[in-house]
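Taking it in order: structure first as structure tokens, then the write-up.
The values are calculated or read from the model by the stated rules, or taken from the named source; none is laboratory data. Note that this is a predicted model, so its numbers are computed, not measured. When we count neighbours, we look across all protein chains shown, and the Cβ atoms used for this are built from the backbone with ideal geometry, even at glycine. The area values use the complete protein model at the heavy-atom level, side chains included, leaving out ligands, DNA and RNA. Shrake-Rupley method; radii C 1.70, N 1.55, O 1.52, S 1.80 Å.
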Amino acid sequence: MKDNLLWVYQQITKSQRAALLEELRAQANVPVAVLFYHRVANTHESPWSLSCDNFCRHLDWLQEHFEVVSLHKAQQRLASGNNATPTVAITFDDGYADNADFAIPQLISRGLTATYFVATHFVESGQAFPHDAAAGTPLRPNTIEQLIDFAEQGIEIGAHTNTHADLGRIHCREQMEQEIVSSTHKLEGWLNREIRYFSFPYGLPENTSQLAVDVAMEYGFLGFCTAYGAWNWPQATPDHPSGAVHLRRIHADPGLERLKNWLTLDPRKLRDNHQLPFRISAQPQVAQISPPEPVQ
Ligand SMILES: [Zn+2]
């Protein structure tokens, strides 16, 4: 029912959306969408799982309407201040073993890439995430070998803390460094690769903080992802803060109709009204850094 209403709303606002896209193209200010998924599998349905068929439907639609690029390429487009191409980057959070069975091979077979954020404690221990264990579905996390395999196939591995902590609640710098810096060092050691991106667990404004952003920027990440549910704009205005370092993501697990509505420029979702609990002091020079794109 909700999907039907969304569809009707999309139809009513269709011409308005199309006109806006043309206008933004002409201004080279087409916003970039960064999506986040968690788990693709046909078992243990949950609000953070998508079936294999549905994941394919998402990819079909995304590939038809957008250029699907790496997070780094998306970031470069934002940092350049000009983008006339509808652009999407795909990310995954947490690190579920099931993704090795379908989601990652599916991306690779389509010539797509993604940035894949993992929490190291679970990879190392093999323990299920507490929220899954509490729900009676102790799903397996990825192994180090799986992550090495993903990275070798061109999937960029990113950091997502050690214990999947709510960083908004950590006020001790040492503990923050353990969650962000020590876990990223561990990941770099496992993969023998530089880790360039970080994503905040939970990722809402209350789960982010000045201390966390300071520690992440001092570490030297090129950018960090939140789950603010917003677009990233090439040209910053008070309503549209720049997304070149703080990459605002849109939750893609809830299904295709919702995603279509978002990504076809839902007029209600154009402004980012979030009050940021942090300022970014040191800006990495994203546009000038051009390491090789992951192998397609
Ligand atoms: Zn997470």
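Matching residues to (1) within 21 Å of Thr226 (Cα to Cα); (2) open to solvent by less than 40 Å² (accessible area, probe 1.4 Å); (3) among the acidic types (Asp, Glu):
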position: Asp60; (1), (2), (3): no, no, yes
position: Ser70; (1), (2), (3): yes, yes, no
position: Ile108; (1), (2), (3): no, no, no
position: Tyr116; (1), (2), (3): yes, yes, no
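Annotation note: Cβ proximity below 8 Å between a residue of segment 1-29 that is charged (D, E, K, R) and a residue that is part of a helix (DSSP H, G or I) (sequence gap 6+ or interchain) occurs for Asp3/Glu257; Asp3/Arg258; Arg17/Gln10; Arg17/Pro267. For segment 77-97, the count of residues that are within 16 Å of the ligand (Cβ to nearest atom), part of a helix (DSSP H, G or I) and either open to solvent by less than 40 Å² (accessible area, probe 1.4 Å) or more than 25 Å from Gly136 (Cβ to Cβ) (or both) is nonzero.
Among the residues of segment 219-231, is any in a helix (DSSP H, G or I) and open to solvent by less than 10 Å² (accessible area, probe 1.4 Å)? No, that holds for no residue.
Residues of segment 203-218 that are open to solvent by 20 Å² or more (accessible area, probe 1.4 Å), in a helix (DSSP H, G or I) and not charged (D, E, K, R): Pro205, Gln210, Leu211, Met217. I'd like to verify a number: residues in segment 157-202 that are assigned to a loop (DSSP other than H, G, I, E, B), in contact (Cβ under 8 Å) with a residue 40 or more places away in the chain, away from the ligand (no atom under 16 Å from the Cβ) and closer than 21 Å to Ala100 by Cα, how many? Count: 1. Within segment 116-156, the set of residues being assigned to a strand (DSSP E or B) and within 13 Å of the ligand (Cβ to nearest atom) comprises Tyr116, Phe117, Val118, Pro141. Per this entry, Ala103 is not counted among residues that are more than 19 Å from Pro234 (Cβ to Cβ), surrounded by 17 or more Cβ atoms within 10 Å (Cβ to Cβ), modelled with pLDDT of 95 or more and more than 18 Å from the chain's Cα centre (by Cα). All but one of (1) of a type in the set (A, V, I, L, M); (2) over 23 Å from Phe102 (Cα atoms); (3) modelled with pLDDT of 95 or more hold for Ala79; which doesn't? Every condition holds for Ala79 apart from (3). Looking only at residues of segment 127-164 that are small (Gly, Ala, Ser) and buried (at least 22 other Cβ atoms within 10 Å of the Cβ), we find that the one that is farthest from the chain's Cα centre (by Cα) is Ala159.
One residue stands out in segment 186-202 among those that are touching a helix residue (DSSP H, G or I) at 6+ places or on another chain (Cβ under 9 Å), of a type outside the set (D, E, K, R) and more than 22 Å from Ala128 (Cα to Cα): the one that is surrounded by the most Cβ atoms within 10 Å (Cβ to Cβ), namely Tyr197.
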